[in-house]
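These notes concern the structure reproduced below.
The values are calculated or read from the model by the stated rules, or taken from the named source; none is laboratory data. Just so we're clear, the structure is a prediction, and the values are computed from it rather than from any experiment. Neighbour counts run over all protein chains shown; Cβ positions are idealised from the backbone, glycine included.
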Amino acid sequence: MRRVSRNHFLILRDGHILDLRSRYGTTVNAEPLMFGSADIILRSGDVIGLANTGAMIFWRSEALEPPGYGQGLGEGWGLLIDGSARRITRLTDAPLYLELDGDGAVTTTTERSSAAFALLDRNDAGEFLITATREEPALVVVDRLDSYHNGPWVLGRDESFPIELRGIEERHPNTVSDVEGAQRGVFSFDGKCFEIIVDVPSENQAMSEAVDPTATRH
C-alpha cells in the first residue's frame with residue numbers, strides 16, 4: 001500500500017510548507033504539520049518526514065551543500081529524526097536506548113544508563129516497540145486524532161507503544177481515531193520532539209533532498 005499520498009505536501013516559493021491533507025501526515029523537524037496550517041517557513045537543513053515512511057532534507061539553492069549529504073546512512077532497520085538538532089541517524093542495532101546528550105540532542109546507545117528515557121526493541125511478533133524507562137519527565141506519543149488535531153498519549157514507566165504503520169493502514173483517513181489510529185513514530189520527551197521511522201525499504205527511498213522551489217531550473 002502506498003503510504004505517501006500522491007499529493008502529499010506543497011512548498012511555496014517563499015518557503016512555506018503546506019500539508020495537502022495527506023493520509024498519514026507530514027512532519028517538519030519531527031513536529032506534525034497539520035492540514036490548514038501555514039505557520040512554518042522552511043530553513044535550509046529542515047527535515048521533512050513523510051507518512052512515517054521516509055525523510056527529506058530541505059536545502060535552499062543559494063546555501064552550501066548540507067554536511068554529509070550524499071554519503072548515505074548505511075544499512076539499518078530505521079531512522080531517528082531529532083527535531084531540535086535537525087539530525088537524521090540510521091538505527092542499526094536493537095535493542096537501543098534513547099537519551100539526551102549534553103547539548104539536549106536525542107542520541108542512541110546499546111547500554112542502559114541513568115540518562116536513558118526509552119527503549120527501542122522488537123517483540124515476539126517482530127514489531128518494533130518504544131518503551132518508557134522512567135516516569136518523569138514523561139515520554140509522550142503524538143496521537144494523530146485527525147488531519148487537524150493531535151492529542152497526547154502519555155506512556156508510564158515500562159509501558160510500550162508500537163512504532164510501525166502496520167495495522168492501521170486500513171484506517172479511513174481524516175477521521176477521529178483511538179490509539180490504534182495514532183500517527184506512529186512521533187514522540188516528545190522533556191520538550192524535545194523526535195520521530196522514528198521503521199522498516200525503511202531502501203536508502204534511496206528513505207532519505208532524499210527537497211528542491212528549493214525558488215531555484216532556476218535548466
> Counting only residues that are under 17 Å from Leu98 (Cβ atoms) and either of a type in the set (A, V, I, L, M) or surrounded by fewer than 16 Cβ atoms within 10 Å (Cβ to Cβ) (or both), how many does the stretch 123-133 have?
Replying inline: 3
> Given Gly25, Gly54, which one is surrounded by 20 or more Cβ atoms within 10 Å (Cβ to Cβ), in contact with a strand residue (DSSP E or B) (Cβ under 8 Å, 6 or more places away or on another chain) and at positive phi?
Replying inline: Gly25
> Which ones in the stretch 134-161 are crowded, with 18+ Cβ neighbours inside 10 Å and either closer than 18 Å to Tyr24 by Cα or touching a residue at least 60 places away in the same chain (Cβ under 8 Å) (or both)?
Replying inline: Val141, Val142, Asp143, Arg144, Ser147, Asn150, Phe161
> Would a scan of the stretch 123-138 turn up a residue that is modelled with pLDDT under 85 and of a type in the set (A, V, I, L, M, F, W, C)?
Replying inline: yes
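A quick yes/no check of all residues on (1) of a type in the set (Ser, Thr, Tyr); (2) within 18 Å of Ile88 (Cα to Cα); (3) in contact (Cβ under 8 Å) with a residue 12 or more places away in the chain:
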| residue | (1), (2), (3) |
| --- | --- |
| Arg3 | no, no, yes |
| Arg6 | no, no, no |
| Phe9 | no, no, yes |
| Tyr24 | yes, no, yes |
| Thr27 | yes, yes, yes |
| Asp39 | no, no, no |
| Gly45 | no, yes, yes |
| Leu50 | no, yes, yes |
| Phe58 | no, yes, yes |
> Just for strands (runs of 3 or more DSSP E) wholly inside the stretch 1-75: which have at least 1 residues that are over 25 Å from Phe187 (Cβ atoms) and modelled with pLDDT of 90 or more?
Replying inline: 9-11
